[in-house]
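These notes concern the structure reproduced below.
The values are calculated or read from the model by the stated rules, or taken from the named source; none is laboratory data. On a predicted model such as this, the values are computed, not experimentally measured, just so you know. Neighbour counts are summed over all protein chains in view; Cβ atoms, including those assigned to glycine, are modelled from backbone coordinates with ideal geometry. Please note that ligands, DNA and RNA were not included when accessible areas were found on the heavy atoms of the full protein model with its side chains. Shrake-Rupley method; radii C 1.70, N 1.55, O 1.52, S 1.80 Å.
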Amino acid sequence: MDVVTQKAMTKKSNLKSAGTKVPRGSKQWPPAKTVTSKRKQSSEQLRSTKLMSKVKPIIPPNFVENLFKQTRFTKKEIVGLCKLFKKLVAIYGAESTSSVAAMSSGFDRLMFREFLQNEFGITTEEILTDRIFCFFDQRNDGVIHEDEWITGLSVLLKGTQDEKIKYTFTIYDLNNDGFITKEEIFSLLRNCLVKHPQDEDPDEGVRELVDIVLRKMDCDNDTKLSFEDFSTSVNKQSLLLEAFGQCLPSREFAESFVNSISSVQ
């Protein structure tokens with residue numbers, strides 16, 4: 001079993017074992033009929049997942065060729081990613097009640113959030129994970145399909161500096177108007193920084209930080225960041241690439257994931 005699939009299955013196993021059992025003598029114990037029905041449903045879902053993981057996907061040659069032209073992956077890596085996609089969708093979809101419709105075709109939002117956390121260590125706020133989901137979901141149908149997944153991963157794992165700048169700017173531009181506004185910067189930084197407010201007005205510190213950011217990155221002084229402002233600032237100081245929240249895997253996570261692709265069976 002390949003490293004990524006084994007890691008995903010282990011995470012799921014740990015989550016499952018953390019559940020609380022209700023004693024038989026308790027008044028909360030559900031009727032036997034309900035328990036049997038749930039067990040039957042769970043058993044059928046597990047059998048379906050095992051069958052899906054054993055089926056070898058048929059990958060059309062033109063599918064690989066097209067992705068080879070569109071991404072920075074080798075053809076061998078694309079074949080490995082196609083196999084891995086089927087396995088991960090089956091694993092993350094097996095216990096997600098909201099992903100029944102997506103199981104046969106791709107990742108829904110909840111499944112993708114788990115994928116980002118488990119495989120890339122991206123444990124950012126929901127506002128950012130939702131933006132990352134939208135970046136991958138090019139068809140805008142609420143599901144990340146196989147070709148969208150591979151195309152998106154090409155940017156996250158093998159993208160150039162310019163590709164990653166364009167990607168992070170897209171993530172931070174919350175309303176897609178072509179600018180990262182002062183209000184958006186405040187919202188992003190507040191979500192990142194204000195976890196357990198101890199001050200009487202924790203937002204005041206965030207507002208001061210927003211002003212500092214704008215003074216540093218707003219080249220034309222119009223109180224908002226254009227793509228040119230953002231790109232110029234990041235090229236001068238690379239640490240500003242994820243200035244408003246994590247949306248990329250670390251180099252260690254990225255290299256580990258790419259190296260594991262070749263071991264997928």
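Checking a compactness column here: for region 114-166, what do you get for Rg(Cα) / (2.2 N^0.38 Å), N being the number of residues?
Ratio of Rg to 2.2 N^0.38 Å for region 114-166: 1.12.
For region 143-194, report the % of Cα-Cα distances exceeding 18 Å.
Distances greater than 18 Å cover 48 percent of the Cα pairs.
Apply the Karplus parameterisation 6.51 cos²θ - 1.76 cosθ + 1.60, with θ equal to phi minus 60°, to every residue of region 208-217 and state each ³J(HN,Hα) to the nearest whole Hz, in sequence, with x for glycine and proline.
5, 5, 4, 4, 5, 4, 5, 5, 7, 10
Quick one: if the Förster radius is 25 Å, what FRET efficiency do Leu110 and Gln138 give, using the C-beta to C-beta distance and rounding to 0.05? Please report the intermediate quantities before stating the final value.
Values: r = 19 Å, r/R0 = 0.78.
Rounded to the nearest 0.05, the efficiency is 0.80.
So what is the accessible area of region 114-265 per residue, in Å², with the probe set to 1.4 Å? Please list the in-between numbers first.
On the way: 7760 Å² over 152 residues.
Using a 1.4 Å probe on heavy atoms only, each residue of region 114-265 averages 51 Å².
Evaluate 2.2 N^0.38 Å with N set to the residue count of region 161-265, then give the Cα radius of gyration divided by it. Intermediate results must be reported in sequence, preceding the final value.
On the way: Rg = 16.2 Å, N = 105, 2.2 N^0.38 = 12.9 Å.
It is 1.26.
From the phi angles alone, apply the Karplus equation (6.51, -1.76, 1.60; θ = phi - 60°) to region 250-265 and give each ³J(HN,Hα) in whole Hz, x where the residue is Gly or Pro.
The phi angles translate into 5, 4, 5, 5, 4, 5, 4, 5, 4, 5, 7, 4, 5, 8, 5, 9 Hz.
Quick check: pseudo-label points 7 Å beyond the Cα along Cα→Cβ at Asn66 and Gln265, how many nm apart are they?
Output for this residue pair reads 3.1 nm.
Given a Förster radius of 41 Å and the C-beta distance between Ile58 and Glu125 as r, what FRET efficiency does 1/(1 + (r/R0)^6) yield to the nearest 0.05?
Taking R0 as 41 Å, the efficiency between Ile58 and Glu125 is 0.60.
Hey, any idea what the orientation-averaged projected area of the convex hull of region 207-265's Cα atoms comes to, in nm²?
Result: a mean projected hull area of 5.6 nm².
For labels at Gln161 and Asn221 in the simple 7 Å Cα→Cβ model, what's the distance in nm?
Spacing of the two 7 Å Cα→Cβ label points: 2.8 nm.
For region 104-245, what's the relative contact order in percent, using C-alpha pairs closer than 8 Å and at least 6 residues apart? Walk me through the numbers on the way to the answer.
Values: 130 pairs, mean separation 30.3, N = 142.
The value is 21 percent.
Could you state, as a whole-number percent, how many of the C-alpha pairs of region 109-225 are farther apart than 19 Å?
Within region 109-225, distances greater than 19 Å cover 55 percent of Cα pairs.
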